[in-house]
1. Using modelled amide H (1.01 Å from N, peptide plane; none on Pro or chain starts), what sits under 5 Å from the amide H of T330, excluding residues fewer than 5 places away?
2. Hey, can you grab everything whose amide H is under 5 Å from the amide H of V353? Only 5+ residues off in sequence or another chain; H modelled, so Pro and N-termini drop out.
3. Work out from phi, with θ = phi - 60° and the Karplus expression 6.51 cos²θ - 1.76 cosθ + 1.60, the ³J(HN,Hα) of each residue of segment 132-144, listed in order in whole Hz, and give x for Gly and Pro.
4. Could you line up I252, I212, I138 from fewest to most neighbouring Cβ atoms inside 10 Å?
5. Order of W37, W325, W208, W381 from fewest to most other C-beta atoms within 10 Å?
6. Quick one: net charge around A245, please, counting Lys, Arg +1 and Asp, Glu -1 for every other residue with C-beta under 14 Å from its C-beta.
7. What net charge do the residues around G128 carry, taking every other residue with its C-beta under 14 Å from that of G128, with Lys and Arg at +1 and Asp and Glu at -1?
8. Name the long-range amide H neighbours of R36: under 5 Å, sequence gap of 5 or more, or other chain; modelled H, no Pro or chain starts.
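Derivation of every value follows stated rules applied to the coordinates shown; laboratory data play no part. Everything quoted here is computed from the prediction, not taken from an experiment. Because the Cβ atoms are built from the backbone with ideal geometry, glycine has one as well, and the counts that use them run over all protein chains shown.
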Amino acid sequence: MGSSTKSHFKRRRKRTGSHETAPLEISQLVARVLRRWPTVLLTALIILALVVLASLLAPRSYTATASVAVSPIVTASNVGGASANDVDMPTEIATATSRVVAERAAQDLVDAEDQDLVSDLLENTEVGSPSQSSVLRINVTANSADTASERANALADAYLADRQETAESRAGEAADSLQESLGDMSSDDSSRQSVEETLVELRSASPWPGRIISAALPPAASTGPGLSAAILAGALGGLMLGLVAALIRDRIAPRVGYADRLEDRVGIATVNATNEPAHVAVSDAVSALDDRFGLASKGRLAVTSLNGTTSEAMVDEFNHQLTTWTVTATPMAQSRSDVRQTLQSYDAVAVLVDPRDGLDETAQLLATLDRGSASILPVVWDRTGEDRS
């Protein structure tokens, strides 16, 4: 009887026992994430809390800026005509960030040379200059607003003091050089008067290294992202990690849980009847049987459950809806060879699977059944245990 009936079946048997699955579509990924929404929410809240906590506990940093206008140093070659073009700003930036200036600033700040403070100044100071200008911007970062402004102003003063010494030294060297040149000239030398005039201007000129045009003030706010930015970053990062965690959890969960997880594992089209009453679950199963095999002819259907107990309500519903088929409740045998032998006389087997059943064990049993002659239709139904004692 089984052989004559099965010739009419349009069987769509997939390869079983393989873990190779087709790539998931976007809609499938969305569905799997949505059903694990507690994982997404919990992960997002944990990450958000950690980011906000880290932001609140992280040490604050403040940056203060002092602006210095750099004047050209007067020498014998530019006396009376020095201009901003005589200032080499890359050299001045290197000077402002040098250890010499940092040590001078440290002495002004603590009245003694503090190597730790010097190192701190060197590590937390940035000096720049706007393009086409002779202005230095000295930026100092510290753990308090007052400290940042004090150090920025101290560095500006130290830089100008160092440059003052450099200007006086160069002016003195230039004057000595001119004085020596005059000593080598005769009284009637035509260039003597010009050299004497230059020497007078050089000695009368007051070395002017520059001036602070904008003293550093304590900054009103700390640098770096604030609490609002931390909340936004934590929320977005937590959401992304939550989505990943949801997909990972859905993949590695030990129980069947959902029909598509079982279908992916065993490669057999599975009916999802979760949260449905018996008559709706059976209706879905019958529709699947009709789509796959065609139900115009007679046949034999075994209804079994992997958990050992087959719901009588399900068997009654199958009998009610499959009027031309013989439906039999068949207990699941202990031995896999006995399972195949028991079911080989049936044309199709509706296997009721409890979402709480273990995924690996269920997949192995279904793979064993699918090697037999009967066509297997897994039905994931969360009421399969309603008749358990």
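1. Distant-sequence amide H within range of T330: V303, T304.
2. Long-range HN contacts for V353: V379, V380, W381.
3. Karplus values, whole Hz, x for Gly and Pro: 6, 9, 10, 10, 9, 10, 9, 9, 10, 10, 8, 7, 9.
4. The most exposed by this proxy come first: I252, I212, I138.
5. Going from sparsest to densest Cβ surroundings: W37, W208, W325, W381.
6. Charge balance in the 14 Å sphere: +4.
7. -1
8. Result for R36 returns nothing.
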